[in-house]
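Q: The structure that follows is given in the form of structure tokens.
The values are calculated or read from the model by the stated rules, or taken from the named source; none is laboratory data. Keep in mind that what you see is a predicted model, and the values were worked out from it rather than measured. Methodologically, a virtual Cβ is constructed for each residue, glycine included, from the backbone with ideal geometry; neighbour enumeration extends over all protein chains shown. Quick note on the areas: whole protein, heavy atoms, side chains included, nothing else; ligands and nucleic acids left out. Shrake-Rupley method; radii C 1.70, N 1.55, O 1.52, S 1.80 Å.
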Amino acid sequence: MGRPLFYEILQKPATSCIIGICSLVWFYIQKKNIGYANVGLSYDTTVEGHYWRLITSTFSHISVIHLVFNMTALWSLGVVEQLGHIGLGVEFYLHYTLVLAVLSGVLVIGAYHILIQKFKLEYFRRVTAVGYSCVVFGWMTILAVKQPSSKLELFGVLSLPISFAPFESLVFTSIIVPQASFIGHLSGIIVGYLIGWGLIHGMNNYWAVSMFGWIIIVFVFSLKRTGAFDFPFIEIEPVTDPSLPTVGFLASGNGRSLQMNAIPFGGSELV
């Protein structure tokens, strides 16, 4: 007989919170009838300065099946939180979830850039990616490196050796779900290996909090700059020389507002 769900949640607090966030985001998207193009990550929107999509695309899912598949895999990978004795654990999980979410998204856009600019594949300008799979594939890979004897449980019926799970899942999803993002999943695997092999290392609470802070700053200012959401207390205006950014507080009728210059920056896939 398995352990009670409540006990499992206590053993995987970070994983449980992320699953809750993704589920709430999915519910909100469905209730407000928001399309994937409004929250997804694409090359053209990134070039236009929609950096906030790196975050919204990660936590958004198109369908309940898409959500359930990703969250089921994530729940199984939550065992990472219980492996503090081999250098993993809750802190490691939180620190490198941040790294996976950001770097895998940057890698996806970098791959699109090469395909568009080098190989003239204009199709990738219009590809919009959404989903938590980049992070899921990253954790599969890290666990395969750190704990190769583990198994990945899916839906309670399918069990895969974790050492083969990243590439098995990559091939499986590409065949079963044609619209699955091969590039997105592969990006998660690449970043996962970089972390697992220690090529990306040194994250601690200081760097994690600093990184999270910068993510919030970029998220808010890119939302404001692109007009996706209005923050009345923030004003963004160009200056005479766009190469010299200026930040300052201006007096306004409602108190103080932050002024910062705006420097111009020259299909759907499930991830």
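Q: Of everything in the stretch 58-88, what is more than 18 Å from SER268 (Cα to Cα), crowded, with 22+ Cβ neighbours inside 10 Å and among the β-branched types (Val, Ile, Thr)? Give them in sequence order.
A: Correct list: VAL80 only.
Q: Looking at the structure I just gave you, is GLU91 within 22 Å of GLY196 (Cβ to Cβ) and either within 14 Å of the chain's Cα centre (by Cα) or open to solvent by 50 Å² or more (accessible area, probe 1.4 Å) (or both)?
A: yes
Q: In the stretch 121-133, what residues are assigned to a loop (DSSP other than H, G, I, E, B) and surrounded by 13 or more Cβ atoms within 10 Å (Cβ to Cβ)?
A: Answer for the stretch 121-133, where residues must be assigned to a loop (DSSP other than H, G, I, E, B) and surrounded by 13 or more Cβ atoms within 10 Å (Cβ to Cβ): LEU121, VAL127, GLY131, TYR132.
Q: Identify, please: which residue in the stretch 214-239 is farther than 13 Å from GLY49 by Cα, among the aliphatic types (A, V, I, L, M) and not in a helix (DSSP H, G or I) and is, among those, modelled with the lowest pLDDT?
A: Applying the filter and picking the extreme gives VAL239.
Q: Something else: So, in the stretch 1-29, of the ones that are closer than 26 Å to ILE183 by Cα and surrounded by 14 or more Cβ atoms within 10 Å (Cβ to Cβ), which residue ends up farthest from the chain's Cα centre (by Cα)?
A: ILE29
Q: Just one of (1) open to solvent by less than 20 Å² (accessible area, probe 1.4 Å); (2) under 30 Å from TYR123 (Cα atoms); (3) under 13 Å from the mean Cα position of the chain (by Cα) trips up ILE55, so point out which.
A: (1)
Q: Which helices (runs of 4 or more DSSP H) does the stretch 1-120 wholly contain that include 3 or more residues that are modelled with pLDDT under 95 and more than 30 Å from PHE229 (Cα to Cα)?
A: Details: elements: 5-11, 13-31, 36-39, 43-47, 53-59, 64-77, 90-117.
Ranges flagged: 5-11, 64-77.
Q: Let me ask you something else. Is it the case that VAL39 is open to solvent by 60 Å² or more (accessible area, probe 1.4 Å), out of contact with any His (no Cβ under 8 Å at 6 or more places or on another chain) and either at negative phi or aliphatic (A, V, I, L, M) (or both)?
A: When the stated conditions are applied, VAL39 does not pass them.
Q: Check SER174, SER210, SER169 and return the single one that is at pLDDT below 95, over 26 Å from LEU24 (Cβ atoms) and open to solvent by less than 50 Å² (accessible area, probe 1.4 Å).
A: SER174
Q: Further question: For the stretch 148-160, state whether one or more residues are out of contact with any Leu (no Cβ under 6 Å at 6 or more places or on another chain), small (Gly, Ala, Ser) and surrounded by 16 or more Cβ atoms within 10 Å (Cβ to Cβ).
A: Taking every residue of the stretch 148-160 in turn, none turns out to be out of contact with any Leu (no Cβ under 6 Å at 6 or more places or on another chain), small (Gly, Ala, Ser) and surrounded by 16 or more Cβ atoms within 10 Å (Cβ to Cβ).
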